[in-house]
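Here is the structure we will look at.
Nothing in this text is a laboratory measurement; each read-out follows from the coordinates by a stated rule. On a predicted model such as this, the values are computed, not experimentally measured, just so you know. All Cβ positions, even for glycine, are placed from backbone atoms using ideal geometry, and neighbour counts span all protein chains on display.
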Amino acid sequence: MMTADQNTHLLDQASVLADRFMPRATGFDQARKLDQDASDAMADAGFYRLFVPEQLGGLEASPVVSAQIFERLAQGSAACGWVAFIAATSGSTLGSVPEETARAIFTHPNTMVAGVFAPSGKARVDAGQVTVNGRWQWGSGTQNADWVLGGCLVDTGDEKPSQHMVLMPTSEIHFLDTWHVSGLQGTGSTDYEAVDLRLSDGHIVGYGGHRPPRRPLYQFPQFTLLAIGIGAVALGIARAAINELVQLAQSKRRINSTATLADRAHSHLEVARAEATLRSARAFYYQSIEAAWAVAERGDKVSVDQRRDIRLATTHAVEASIKTVDAMYTLGGGSAVYADSPLQRHFRDVHMTSQHIMVAPSTLETVGRLYLGVEAQTSTL
């Protein structure tokens, strides 16, 4: 269990790195992935092992503290916040493979795992070996990682194929230059593929009855942890947008006017509304996570109702963040459209977060059905 001092240190590190990454955010976008030294700095800070089991050298940090870390990082660089939460969530899978395999993968505290949960690959198990073929989209951070995950339909030859992720060494993966996108450009979320890659079947996550430790963090389903990260990044982007607008408003003037943007009544209204929108969404977001974490700390499983609330709060956080950034971008006027304006980057990045399936409108439909007492599919909450 992390101590209060350890949590404070992690949050302080996130703030330091956010300040360091802020002037490099445009460069990450231009490279369409993180510079390796930036990724290494987050690894050094412990952010990639936040959800790795303690017995392997991980931190098993609370989702509350982890979300605050991702949020702070995103204030400096949305790409860094995004890659950090993807790597942290991916690291949690090391608790669901044989310990021997996990230790062979996690050979150093800075080991980075990243990848894709969607079952876009196929795997065939035979005599203790697995052969993997597949191509996966949205590989955030994979080009910086040591190991990558790929969701697969696993065929044992004896029964219907089952869905699992497979841990694969990055050295055996082929990356495809597909990441030409409008937002979160610096995440390096390019396609990658494996061709006839053979590994021991111990690299199949959750295969053979292997389950994560019965500890508080692992009472949170992986889909829930994934959604939490998306909300944190969106909130961080929105806070950065307000900060940027406030700074711009001190000097921006209309032509032939001595009044600054900060002097205008319309600016006062929009900034006040933005603060209210963002802070209320953030409060709901953290309240839902804290309530579920209190249950998990008692050793109980996070209930469907608690997962429902987290997913609602997360999706609402993204929607509120978009509303906030849109208002700040509009208020920034012509200054916001230039490539060197952080406001246009915040605008692109926050809208990109909304495209993730974990915060899609279908999530609200599922949540609404549960509130109304209508039967709903809850396996992905």
Tell me the mean residue ellipticity at 222 nm calculated for the chain from its helices only (DSSP H runs of n ≥ 4, each -39500 (n - 2.57), averaged over every residue, nearest 500).
-16000 deg cm²/dmol
Prolate/oblate/rounded label for the chain (Cα gyration tensor, a/c 1.5)
prolate
Report the Cα centroid-to-centroid distance between region 193-234 and region 59-128 in angstrom, as an integer.
7
Taking θ = phi - 60°, what integer Hz values does the Karplus form 6.51 cos²θ - 1.76 cosθ + 1.60 yield along region 113-125, in sequence order, with x for Gly and Pro?
10, 8, x, 10, 7, 4, x, 8, x, 10, 9, 10, 9
State whether region 1-105 is rounded, prolate or oblate according to the following rule on the C-alpha gyration tensor (a ≥ b ≥ c being the square roots of its eigenvalues): a/c under 1.5 gives rounded; otherwise a/b larger than b/c gives prolate, and the remaining case gives oblate.
oblate
Helix 63-76 sits off the longest principal axis of the Cα atoms of the chain, rounded to the nearest 10 on a 0 to 90 degree scale, by 50
Signed unit charges on C-beta, dipole axis of region 4-96, positive-most listed residue LEU50, THR26, CYS80:
THR26
Rank-order 179-190, 84-95, 357-368 by packing density, defined as the average count of other C-beta atoms within 10 Å over each peptide's residues, highest first.
84-95, 179-190, 357-368
Exposure-ranked with fewest Cβ neighbours within 10 Å first, LYS301, LYS33 stand as LYS301, LYS33
What list of ³J(HN,Hα) couplings, whole Hz, do you get for region 213-230 from phi and the Karplus terms 6.51, -1.76, 1.60, once you set θ to phi - 60° and write x for glycine and proline?
x, 7, 10, x, 4, 8, 7, 8, x, 4, 4, 5, 4, 4, 5, 4, x, 4
Please list, or write none, the aspartates and glutamates whose alpha carbon is within less than 13 Å of the alpha carbon of LYS122, excluding same-chain residues fewer than 8 places away.
ASP155, GLU193, ASP196
In terms of Cα to Cα distance under 18 Å, which aspartates and glutamates are near enough to LYS160, apart from those fewer than 8 places away along the same chain?
ASP126, ASP201
Which of ASP5, ASP300 has the fewest other C-beta atoms within 10 Å, and how do the rest follow up to the most?
ASP5, ASP300
For the chain, the longest principal axis of the Cα atoms and the Cα long axis of helix 265-297 enclose an angle in degrees, to the nearest 10, of 20
On full extension of the chain, what length is gained from ASN133 through GLU375, given 0.36 nm per residue of separation minus the C-alpha to C-alpha distance?
83.5 nm
Using the Cα gyration tensor of region 136-295, with a ≥ b ≥ c the square roots of its eigenvalues, what is the shape: rounded (a/c below 1.5), prolate (a/b larger than b/c) or oblate (neither)?
oblate
For helix 4-21, report the angle its Cα long axis makes with the longest principal axis of the Cα atoms of the chain; keep it between 0 and 90° and round to the nearest 10°.
60
Charges on Cβ only, +1 for Lys and Arg, -1 for Asp and Glu, centred on the Cα centroid of the chain; of VAL304, ILE69, TYR286, which one is farthest towards the dipole's positive end?
TYR286
Rounding to the nearest 20 debye, state how big the charge dipole of region 4-96 is about its Cα centre with +1 on each Lys and Arg Cβ and -1 on each Asp and Glu Cβ.
280
Exposure proxy check on ASP309, ASP349: fewest-to-most Cβ neighbours within 10 Å is ASP309, ASP349
Region 18-130: relative contact order from alpha carbon pairs under 8 Å, six or more residues apart, as a whole percent, is 30
Length-normalised contact order of region 268-377 in % [C-alpha pairs under 8 Å, at least 6 apart]:
27
